[in-house]
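Worksheet: the structure to be examined is printed underneath.
Readers should treat all values here as calculations from the given coordinates under stated rules, not as data from a laboratory. Every value quoted in this text rests on a predicted model; they were computed, and no experiment measured them. Cβ sites come from the backbone with ideal geometry, for glycine too, and all protein chains shown count toward neighbours.
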Amino acid sequence: MGTPRPEPHEQASASLCPDSRGGSMATQSAQEGACDPPPRPKQPGKADGYISKLRELVKHEAEKNKSQWKTMGPAKVAVPSPNDFLQKRSKEPKLAPKKKEEDGKKLLPLSVPPRTYHPVTRIKKNFINKNAVAVITGEPKKPRHFCVDTRQGDKYLLEPSGLFPKYIKKKNYGVLPKYVTRRNEEIKREEEEYQASVLEQLKKKAMKALSEEERTNVLKALKKKWEEINHAYQGLPILTDTMYKKMHKEELELKLQQLEHDIAAIEKHKTVYIANV
């Protein structure tokens with residue numbers, strides 16, 4: 001096998017860069033400069049970069065709309081001058097200076113009082129005599145009632161404690177109030193009207209009212225009947241083992257309940273009405 005043939009560009013490079021083992025330094029640097037690759041040509045039609053026409057306008061608008069409090073960190077505010085320190089009463093409102101002329105009118109000058117002017121003089125009072133007269137002519141103080149409830153003599157006023165009978169000394173104590181009297185009269189009038197209406201209805205229905213004697217007789221008869229049935233009820237045997245005994249006991253209980261209801265109704269109502277049969 002033989003050695004391969006070199007390519008044409010390899011041969012050119014080999015011819016441009018000979019071996020420099022035996023040459024001088026000048027020839028070596030010249031050979032190295034000759035061996036650098038040539039620069040690449042720029043591609044046609046490719047620009048360096050796009051620059052907008054409104055770039056300066058956008059910067060101006062951003063700077064104009066920028067606020068101090070929208071920055072990062074503390075705002076750059078002017079430091080107050082040490083000569084402008086806070087003084088006493090500097091924040092209080094200051095009144096306007098007094099004007100000599102108000103609303104175009106001149107103030108009247110101070111006038112000297114006339115000879116006939118007599119100033120008012122205060123009369124000195126003798127408070128000692130005044131107090132003495134008040135004590136002599138005044139009513140004596142009434143003694144206050146106290147209550148002592150401990151051995152050490154602790155006492156308290158009796159009147160505000162509720163133990164002193166001061167309410168019974170009022171003029172209207174024990175007098176029936178007017179609204180109670182008025183209400184009683186209204187109740188009495190309504191009761192009379194109700195009784196009158198009931199009498200009219202009973203007359204229409206052919207009802208009559210029992211007299212007091214008849215009512216008493218009916219009440220006595222009912223009580224006598226109740227005693228008879230109660231005596232029979234008490235005489236029942238203790239053991240109710242048959243059906244007849246149970247039925248007889250229940251019948252007597254019902255009669256007693258009915259009689260008790262009638263007696264209570266007649267005793268409760270003073271006026272009893274019955275139908276004409």
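Just a few scattered comments:
- Per-bin percent of Cα-Cα distances, region 112-224 [10 Å]: 9, 11, 13, 14, 11, 11, 12, 8, 5, 4, 2, 1
- Charge tally in the Cβ shell below 14 Å around Arg182, where Lys, Arg are +1 and Asp, Glu are -1, Arg182 excluded: +1
- In this rough spin-label picture, where each label sits 7 Å from Cα along the Cβ direction, the Val120-Ala62 distance is 8.4 nm.
- Taking all Cα pairs closer than 8 Å and separated by 6 or more residues, the relative contact order of region 128-260 comes to 12 percent.
- For Val272, the amide hydrogen comes within under 5 Å of the amide hydrogens of Leu210, counting only partners 5 or more places away or on other chains and with H modelled in the peptide plane.
- Under 5 Å from the amide H of Phe164 lies no amide H of any residue 5 or more positions distant or on a separate chain, with H modelled from the backbone and absent for Pro and chain starts.
- The overall shape of region 152-277, judged from the alpha-carbon gyration tensor, is oblate: a/c is not under 1.5, and a/b is no greater than b/c.
- Cα-centred dipole magnitude for region 157-277, charges only on beta-carbon of K, R (+1) and D, E (-1), debye, nearest 20: 640 debye
- Pairs spanning more than 31 Å between alpha-carbon atoms, out of Lys225/Lys270; Lys170/Lys268; Lys204/Lys268; Lys205/Lys270; Lys178/Lys204: Lys170/Lys268; Lys178/Lys204.
- Couplings for region 154-169, taken from phi via the Karplus curve 6.51 cos²θ - 1.76 cosθ + 1.60 with θ = phi - 60°, read 5, 10, 8, 5, 7, 5, x, 6, x, 8, 8, x, 9, 6, 6, 8 Hz in order; Gly and Pro are left as x.
- Within a straight-line Cα-Cα reach of under 23 Å, Lys53 can be paired with the following lysines, leaving aside sequence neighbours fewer than 8 residues apart in one chain: Lys64, Lys66.
- Nonlocal amide H pairs with Leu158, under 5 Å, H built at 1.01 Å: His145, Phe146, Cys147
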